[in-house]
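Report on one structure; see the data block that follows.
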């Protein structure tokens with residue numbers, strides 16, 4: 001920084017420093033030139049800063065200096081890739097790219113590849129999503145050991161590299177190291193490998209989940225200085241967790257707050273014959289994975305040169321509106337004749353998972369358009385199959401994102417069956433709950449405080465982690481349940497603060513019937 005300032009003084013002009021690698025939105029407040037005072041996009045890496053033509057014409061001096069390493073933490077070299085327009089003119093290169101992309105798009109199940117390619121491509125637009133919508137999904141890849149999850153993600157992340165490749169971190173890295181990587185990039189994804197909550201200390205797991213939540217919304221994070229003996233005591237530093245984040249695990253995360261923030265990609269072990277075919281195609285793709293860097297460089301240049309806030313929002317909003325009509329309950333569904341299963345899926349669908357998967361679809365459509373323009377739509381049919389799978393199993397996210405009060409109600413209902421009535425953790429008919437009919441509908445009368453206390457006893461005896469801090473917190477939260485009717489004395493359970501629930505609506509939420 002001192003050298004930059006010194007050079008600026010010698011040349012009689014001001015230099016501005018960009019500190020995050022990748023595609024970023026920046027502005028120079030209070031600059032005399034109004035073009036520089038308004039937000040514009042740049043690509044920054046160790047080779048320099050690339051900016052739109054109208055910004056470059058102003059003569060502004062932008063330099064890249066990563067923090068803490070001036071060369072950058074991710075070390076992207078995608079700027080060294082050959083220009084796609086010139087490279088593709090060679091028939092050999094064109095044939096090789098077609099074969100490479102075919103191998104990529106047929107080495108796993110369509111819904112897996114559609115989400116992976118879509119999310120990694122959407123990372124180029126990450127800062128646009130953050131600026132206009134305030135959130136960008138994490139990628140959660142899970143599946144059995146030995147499925148090649150990490151290798152697959154490293155290979156597809158070659159969109160951001162040419163000769164270099166992504167270097168995943170593990171949760172064994174310190175929180176500071178993970179945070180530094182999240183701060184160092186604006187669009188180049190960070191891959192967090194070997195995410196195993198069951199082997200982590202609770203404090204460690206909670207800290208990483210906090211990083212996940214902050215990364216989803218790119219929140220401002222404030223950090224204080226060191227000790228009273230250090231020079232930076234009482235120094236306040238503001239930063240953002242701006243990098244897109246992918247985390248890889250053998251089992252899917254079970255906390256609703258995390259699952260509402262992810263695009264979920266689940267790998268399943270195929271038959272032996274199909275597995276060998278998938279492996280050979282993946283290895284053939286990986287040998288030429290640097291060709292994704294050529295496409296990535298082109299996408300980055302297109303975003304800088306041609307993408308405006310208006311064109312971006314118009315394209316995404318159309319996809320988002322269509323997805324909400326298809327997967328979420330709306331007025332037209334209430335007037336129509338949806339079957340009960342479809343109605344239940346739509347009723348349980350949540351806004352965030354639909355948004356998250358639409359981000360992946362938007363990214364895949366950008367990738368599909370580029371490949372069609374480059375290869376004259378020769379792979380369009382195959383890409384259509386991948387795109388159709390992006391929303392596959394979206395209904396599975398409903399259970400993964402179940403509110404915590406529903407999880408407790410599920411456990412309480414289950415305890416009414418499998419606990420001996422003499423146990424301190426038993427949920428007993430006529431004591432903790434009763435069944436009645438009020439106003440023509442079946443009702444569950446539940447003594448919330450007694451039931452929760454017995455649920456807490458069950459958790460302690462079985463080693464489970466109890467949800468909510470106490471009965472009062474649970475009683476407050478459960479009032480948001482769609483099945484909740486009122487608080488008062490029940491028809492059969494004559495106890496103060498009895499909570500009444502619609503039995504049919506509880507079943508729709510996935511709560512099993514109580515023991516009759």
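The values are calculated or read from the model by the stated rules, or taken from the named source; none is laboratory data. Values in this document were obtained by computation on a predicted structure and should not be read as measured data. Here Cβ is always computed from backbone atoms with ideal geometry, including for glycine, and neighbour counts include all displayed protein chains.
Worth pointing out:
- Taking helices (runs of 4 or more DSSP H) as the structural unit, those lying wholly within segment 215-331 and holding at least 3 residues that are modelled with pLDDT of 95 or more, over 29 Å from residue 127 (Cα atoms) and more than 17 Å from the chain's Cα centre (by Cα) correspond to 272-287.
- Complete set of residues in segment 46-81 that are in contact with a helix residue (DSSP H, G or I) (Cβ under 6 Å, 6 or more places away or on another chain) and under 29 Å from residue 371 (Cα atoms): 47, 52, 76, 78, 81
- Residue in segment 385-397 that is at pLDDT below 90 and assigned to a helix (DSSP H, G or I) present: yes
- Some residue of segment 348-360 being modelled with pLDDT under 95, assigned by TED's automatic domain parsing to the domain that holds residue 294 and on the phi > 0 side of the Ramachandran plot: no
Residue-by-condition table, conditions (1) touching a helix residue (DSSP H, G or I) at 6+ places or on another chain (Cβ under 8 Å); (2) in a loop (DSSP other than H, G, I, E, B); (3) assigned by TED's automatic domain parsing to the domain that holds residue 483; (4) crowded, with 16+ Cβ neighbours inside 10 Å:
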position: 378; (1), (2), (3), (4): yes, yes, no, no
position: 409; (1), (2), (3), (4): yes, no, yes, yes
position: 420; (1), (2), (3), (4): no, yes, yes, no
position: 451; (1), (2), (3), (4): yes, no, yes, yes
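- Some residue of segment 99-119 being over 30 Å from residue 268 (Cβ atoms) and either surrounded by fewer than 24 Cβ atoms within 10 Å (Cβ to Cβ) or touching a strand residue (DSSP E or B) at 6+ places or on another chain (Cβ under 6 Å) (or both): no
- So residue 377, is it modelled with pLDDT under 95 and more than 16 Å from residue 140 (Cβ to Cβ): yes
- Counting only helices (runs of 4 or more DSSP H) that fall entirely inside segment 90-177 and contain at least 3 residues that are within 24 Å of residue 74 (Cβ to Cβ), assigned by TED's automatic domain parsing to the domain that holds residue 271 and under 19 Å from the mean Cα position of the chain (by Cα), the qualifying elements are 110-122, 126-133, 149-156.
- Candidate set: segment 121-142, residues that are crowded, with 20+ Cβ neighbours inside 10 Å and in contact with a strand residue (DSSP E or B) (Cβ under 6 Å, 6 or more places away or on another chain); chosen: the one farthest from residue 258 (Cα to Cα): 124
- From the list 474, 501, the lone residue that is in contact (Cβ under 8 Å) with a residue 40 or more places away in the chain, closer than 30 Å to residue 197 by Cβ, buried (at least 16 other Cβ atoms within 10 Å of the Cβ) and assigned by TED's automatic domain parsing to the domain that holds residue 442 is 474.
- Test: residue in segment 431-440 that is assigned to a helix (DSSP H, G or I), buried (at least 21 other Cβ atoms within 10 Å of the Cβ), at pLDDT 90 or above and outside the structural domain of residue 202 (by TED's automatic domain parsing): no
- Selection within segment 29-68 - farther than 30 Å from residue 164 by Cβ, in a loop (DSSP other than H, G, I, E, B) and either assigned by TED's automatic domain parsing to the domain that holds residue 161 or within 32 Å of the chain's Cα centre (by Cα) (or both): 29, 38
- Test: residue 366 is closer than 23 Å to residue 139 by Cβ, assigned to a helix (DSSP H, G or I), in contact (Cβ under 8 Å) with a residue 60 or more places away in the chain and touching a helix residue (DSSP H, G or I) at 6+ places or on another chain (Cβ under 7 Å): yes
- Of all residues in segment 341-363, those being assigned to a loop (DSSP other than H, G, I, E, B) and in contact with a strand residue (DSSP E or B) (Cβ under 7 Å, 6 or more places away or on another chain) number 0.
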